[in-house]
1. Out of all the residues in the range 32-56, which are free of Cβ contacts under 8 Å to residues at least 40 places away in the same chain and open to solvent by 20 Å² or more (accessible area, probe 1.4 Å)?
2. Of all residues in the range 41-57, count the ones that are assigned to a loop (DSSP other than H, G, I, E, B) and at pLDDT 90 or above.
3. Quickly run through the range 86-102 and pick out the residues that are part of a strand (DSSP E or B) and either loosely packed, with under 15 Cβ neighbours inside 10 Å or touching a Lys or Arg at 6+ places or on another chain (Cβ under 9 Å) (or both).
4. Return the residues of the range 155-175 that are modelled with pLDDT under 85 and either of a type in the set (Gly, Ala, Ser) or open to solvent by 60 Å² or more (accessible area, probe 1.4 Å) (or both); say none if nothing qualifies.
5. I'd like the residue in the range 113-135 that is surrounded by 14 or more Cβ atoms within 10 Å (Cβ to Cβ) and over 16 Å from SER153 (Cα atoms) and, out of all such residues, is modelled with the highest pLDDT.
6. Going through the range 68-84 one residue at a time, which ones are of a type outside the set (Phe, Trp, Tyr), open to solvent by 10 Å² or more (accessible area, probe 1.4 Å) and part of a strand (DSSP E or B)?
7. Can you pull out the residues in the range 58-67 that are crowded, with 18+ Cβ neighbours inside 10 Å and either modelled with pLDDT under 90 or not polar (S, T, N, Q) (or both)?
Amino acid sequence: MKKVMCLITGGFMVISFGWWGWSMTNDPTPSKSEVQNLVRHFALEEFGDVEGNYFESPKNYAYFTDDHLFVVNRLENPIQSYVVIDRGKPISLLAQDEVQRILDDYATVAHEDIEVTTTHQVTVFVAGSPSYTEQLIKVIVTYDDEKHLLFMSPDQMDRSRLNFFTDGYEMFSDF
């Protein structure tokens, strides 16, 4: 009887640790319908993983429409916080000095080739806090012969705000 109990307990422990290990390595994907209800857009397309620092966790997930990118905290359950990135506007000729300052500042932080392309209005909704709007720039960074797409604050070039990686560059380079 003790052997049977030991086998059952051992089997239960193996299954429990296996489930725990699997859940730790596989982050949940936010439900598309839950995100649609949250952001009040019902024709969302799924993008995938995004890194960022708007939420407690850098692990985020993105959906998009023709005119907006929606980034949600993939570890928040239920999802209550999100970021909306509006389609970009070209950088005006008046802002060219600002762009050069950004490029110079970034060159002191990183040695990659970068290109500043557009400005984007971003609205941040964090549960329990008032929403706020800020301007981010879209930056394309080339390193290891791959292009990566970032949205970052022009005043905080030393840290990425939202990183859409190479897949983001391929999908949203003209966004």
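The values are calculated or read from the model by the stated rules, or taken from the named source; none is laboratory data. Keep in mind the model is a prediction, meaning the values are calculated, not measured. Positions of Cβ are generated from backbone atoms using ideal geometry, with glycine treated the same way; all protein chains shown enter the neighbour counts. Protein only, heavy atoms only, side chains kept; ligands, DNA and RNA dropped before computing areas. Shrake-Rupley method; radii C 1.70, N 1.55, O 1.52, S 1.80 Å.
1. Step one: of the range 32-56, the residues free of Cβ contacts under 8 Å to residues at least 40 places away in the same chain are 32-33, 36-37, 40-46, 56.
The answer is LYS32, SER33, GLN36, ASN37, ARG40, HIS41, PHE42, ALA43, GLU45, GLU46, GLU56.
2. Quick first cut of the range 41-57, residues assigned to a loop (DSSP other than H, G, I, E, B) only: 41-44, 53-57.
Next cut, at pLDDT 90 or above only: 43-44.
Total meeting the criteria: 2.
3. First, pick out the residues of the range 86-102 that are part of a strand (DSSP E or B): 86, 89-90.
Result: LYS89, PRO90.
4. ASP155, GLN156, ASP158, ARG159, SER160
5. Of everything passing the filter in the range 113-135, PHE125 is modelled with the highest pLDDT.
6. Going residue by residue through the range 68-84, those that are of a type outside the set (Phe, Trp, Tyr) are 68-69, 71-81, 83-84.
Those still in the list that are open to solvent by 10 Å² or more (accessible area, probe 1.4 Å) too: 68, 73-80, 84.
Within the range 68-84, HIS68, ASN73, VAL84 meet the criteria.
7. Of the residues in the range 58-67, the ones crowded, with 18+ Cβ neighbours inside 10 Å are 60-64.
Scanning the range 58-67 gives TYR61, ALA62, TYR63, PHE64.
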